[in-house]
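Engineer: First the structure, then my questions, so here it is.
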Amino acid sequence: MKIVESPDPLLNQVSEPCELGDKSLKKLAKQMEKTMYATDGVGIAAPQVGVLKRLIVIDVSPEDVRDPLVLVNPEIIELDGEPETEGEGCLSCPGVTVAITRKPWAKVRYYDLKGEEWEIEGDGLLGRCLQHEIDHLNGITLFESAEPRERIRALKAYEEARRLGAKPGDTAPACAEANRMVR
């Protein structure tokens, strides 16, 4: 599957809920999973592959383990903790790492591919990843999540990274020159 890259307006649209039990979701989730692993991602949302459905795939397991989690119609039901600012990359915004402030702990309600309801909670990378991917379902990219000054810096760095040929999976170190040029 091809990754939809910013500034494609599709990334700023709100995704439609999935119909529980829809058999096509399993195939879509498998394709998303394959795309995520091929680009060294830890999460991917359906809008990032051009599908405006509320479906995400996350895998924050150690590199040598593959344990993807598929979340259908996920929604954040609680966030907690003192906000923390960390660099985030995004398959749809290749070549940049953007400082994003988020609460460190998230609790999410979702359905699995069989239509069963679940809750997951996590902190660290999982908590951040859940929030990041659900942002995609709500039409929010890294750039909209950033503080105004960081947004300006990140957009300039992204423009330069794209000029230098950044591809999904590239992060700031892969395009360090572009980030250095706009600081």
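The values are calculated or read from the model by the stated rules, or taken from the named source; none is laboratory data. Nothing here was measured: the structure is a model prediction, and the numbers come from that model. Every residue, glycine as well, gets a Cβ built from its backbone with ideal geometry; the counts of neighbours run over all protein chains shown. The accessibility values were calculated without ligands, DNA or RNA, using every heavy atom of the protein model including side chains. Shrake-Rupley method; radii C 1.70, N 1.55, O 1.52, S 1.80 Å.
Engineer: Would you point out the residue of region 32-59, among those that are of a type in the set (A, V, I, L, M, F, W, C) and out of contact with any strand residue (DSSP E or B) (no Cβ under 8 Å at 6 or more places or on another chain), that is most open to solvent (accessible area, probe 1.4 Å)?
Structural biologist: Per the stated criteria, the residue is Ala38.
Engineer: Taking region 30-42 as the region of interest, how many residues are outside any loop (DSSP other than H, G, I, E, B) and not basic (Lys, Arg)?
Structural biologist: Selection size over region 30-42: 7.
Engineer: In region 134-149, how many residues are over 17 Å from Pro7 (Cα atoms) and either polar (S, T, N, Q) or buried (at least 16 other Cβ atoms within 10 Å of the Cβ) (or both)?
Structural biologist: Selection size over region 134-149: 1.
Engineer: Residue under question is Lys27, and the condition is that it be in a helix (DSSP H, G or I), surrounded by fewer than 19 Cβ atoms within 10 Å (Cβ to Cβ) and basic (Lys, Arg); does it hold?
Structural biologist: Yes.
Engineer: To continue, here is another question. Here are Glu119, Glu75, Glu88: which of them is touching a residue at least 40 places away in the same chain (Cβ under 8 Å), exposed (fewer than 15 other Cβ atoms within 10 Å of the Cβ), charged (D, E, K, R) and touching a helix residue (DSSP H, G or I) at 6+ places or on another chain (Cβ under 8 Å)?
Structural biologist: Just a single option satisfies the conditions, and that option is Glu75.
Engineer: Of the residues Thr141, Thr171, which is hydroxyl-bearing (Ser, Thr, Tyr) and either out of contact with any helix residue (DSSP H, G or I) (no Cβ under 9 Å at 6 or more places or on another chain) or modelled with pLDDT under 95 (or both)?
Structural biologist: Thr171
Engineer: Looking at region 98-109 only, could you name the residues that are in contact with a helix residue (DSSP H, G or I) (Cβ under 6 Å, 6 or more places away or on another chain) and either under 18 Å from Leu137 (Cβ atoms) or open to solvent by less than 40 Å² (accessible area, probe 1.4 Å) (or both)?
Structural biologist: Within region 98-109, Val98, Ala99, Ile100, Arg102, Pro104, Ala106, Val108 qualify.
Engineer: When region 42-74 is examined, which residues are found to be small (Gly, Ala, Ser) and at pLDDT 95 or above?
Structural biologist: Once the filter is applied, which keeps residues that are small (Gly, Ala, Ser) and at pLDDT 95 or above, region 42-74 yields Gly43, Ala45, Ala46, Gly50.
Yes/no per residue for (1) at pLDDT 95 or above; (2) within 14 Å of the chain's Cα centre (by Cα); (3) of a type in the set (Asp, Glu):
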| position | (1), (2), (3) |
| --- | --- |
| Ala29 | yes, no, no |
| Asp40 | no, yes, yes |
| Glu78 | yes, no, yes |
| Gly81 | yes, no, no |
| Cys93 | yes, yes, no |
